[in-house]
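Working notes, structure below.
The values are calculated or read from the model by the stated rules, or taken from the named source; none is laboratory data. This structure is a prediction, so every number in the text was calculated from the model and none was measured. Heads up, the Cβs are rebuilt from the backbone with ideal geometry, glycines too, and the neighbour counts pull from every protein chain shown.
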Amino acid sequence: MGLFSNKISREEVKPGDHIYSWRTAYVYAHHGIYVGGGKVVHFTRGGGRETETGTFLDKFVVSSSSPNYPQCLVCKDLSSFNGDKVITSCLDCFLAGGNLYLFKYDVSWAAFLAKPRGGTCTLEPSDPPEDVLFRADFHLLLDGWFGDYDVADNNCEDFAIYCKTGLLARCNKAILGTSGQVNSAVSASFAALVLSLSGLPVAGFGVYCYARLAGDVSMRRRRGDVTKVPLERLVALLNQR
């Protein structure tokens, strides 16, 4: 819908797309995989709890759900759990009154740095839609396999990026996950420190851009910081059921 915006219409979204919607005051975006039929598979927390980790990253995020949005009866029932879970929701309840955005893959460095916020695109290419949908369905079938929700290294964006690419940071015990919005927040803190020490806005901006690029899942894959989970492993796990 625009050259510099990831906003799309509902008619444009396709099965296998990584979509997101901004939450309270554009502070944090909730991510998921559109699977068709007006349904979205996403990783979330039950009971309306906020993403509490006890770290400085808490101030950058809010609940992955929107407690004030009136969910439909089906989605309300599916989200009435405690703990962390991959669930399916209708598109309306996933958006929670917000706009629909498409997370972009295989973008150029220039396009990546042109985005003022993290969590909207990546240099990494996406796998075919059928692989993306298989990973999303797998986690609906094997509840709990994706682990505990953690804002720093295992959140809703990490799940969506994993579905699109098969890449996981947890396998290599990385400090942070693949989430662009978390890495952007960390990059901003580094930039603020450099700015306070040097007094040079250009230096702070340069550090921010470099840290964002270095933290992108594509660059981390090249360094070996993330690991690809083969589809064959997921198929084998399903066959063992």
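For the range 116-160, a residue qualifies if it is within 20 Å of Arg23 (Cβ to Cβ) and β-branched (Val, Ile, Thr), and the qualifying residues are Thr120, Val151. For the range 36-62, which residues satisfy the criterion of being part of a loop (DSSP other than H, G, I, E, B), modelled with pLDDT under 50, surrounded by fewer than 20 Cβ atoms within 10 Å (Cβ to Cβ) and at negative phi? Listed by number, the residues that qualify are Arg49, Glu50, Glu52, Thr53, Thr55, Val62. Just a yes or no: is a residue in the range 196-209 at pLDDT 80 or above and either in a helix (DSSP H, G or I) or not polar (S, T, N, Q) (or both)? Scanning the range 196-209 turns up at least one residue that is at pLDDT 80 or above and either in a helix (DSSP H, G or I) or not polar (S, T, N, Q) (or both).
Considering only the range 75-93, how many residues are buried (at least 17 other Cβ atoms within 10 Å of the Cβ) and among the polar types (S, T, N, Q)? Even if it seems obvious, please write down each step before you answer.
Within the range 75-93, the subset buried (at least 17 other Cβ atoms within 10 Å of the Cβ) is 75, 78-79, 84-89, 91, 93.
Filter once more, so that each one left must be among the polar types (S, T, N, Q): 79, 88-89.
Count: 3.
Quick one: is Asp131 in contact (Cβ under 8 Å) with a residue 40 or more places away in the chain, more than 19 Å from Gly36 (Cβ to Cβ), of a type outside the set (A, V, I, L, M) and assigned to a helix (DSSP H, G or I)?
On the way: in contact (Cβ under 8 Å) with a residue 40 or more places away in the chain: yes; more than 19 Å from Gly36 (Cβ to Cβ): no; of a type outside the set (A, V, I, L, M): yes; assigned to a helix (DSSP H, G or I): yes.
In short, no.
Residue count for the range 106-132 under the criterion of being surrounded by 19 or more Cβ atoms within 10 Å (Cβ to Cβ) and either closer than 17 Å to Phe159 by Cα or among the small types (Gly, Ala, Ser) (or both): the result is 9.
Could you run through the range 134-153 and say how many residues are assigned to a loop (DSSP other than H, G, I, E, B) and in contact with a helix residue (DSSP H, G or I) (Cβ under 9 Å, 6 or more places away or on another chain)?
Total meeting the criteria: 8.
Return a yes/no flag: does the range 158-172 have any residue that is on the phi > 0 side of the Ramachandran plot, modelled with pLDDT of 75 or more and within 20 Å of the chain's Cα centre (by Cα). Yes. Within the range 222-238, being assigned to a helix (DSSP H, G or I) and closer than 15 Å to Cys163 by Cα holds for Leu231, Glu232, Arg233, Leu234, Val235.
List the residue pairs whose Cβ atoms are under 7 Å apart, where the first residue sits in the range 211-236 and is within 25 Å of Phe138 (Cβ to Cβ) and in contact (Cβ under 8 Å) with a residue 60 or more places away in the chain, the second is part of a helix (DSSP H, G or I) and charged (D, E, K, R), and the two are 6 or more positions apart or on different chains. Close Cβ pairs (under 7 Å, with a partner that is part of a helix (DSSP H, G or I) and charged (D, E, K, R)) amount to Leu231/Asp131; Leu234/Arg135. Contact map, the range 17-35: residues that are without any contact (Cβ under 8 Å) to a residue 60 or more places away in the chain and assigned to a loop (DSSP other than H, G, I, E, B) paired with residues that are of a type in the set (A, V, I, L, M) and crowded, with 19+ Cβ neighbours inside 10 Å, Cβ distance under 9 Å, separation 6+ or inter-chain. Pairs shown: Val27/Val61.
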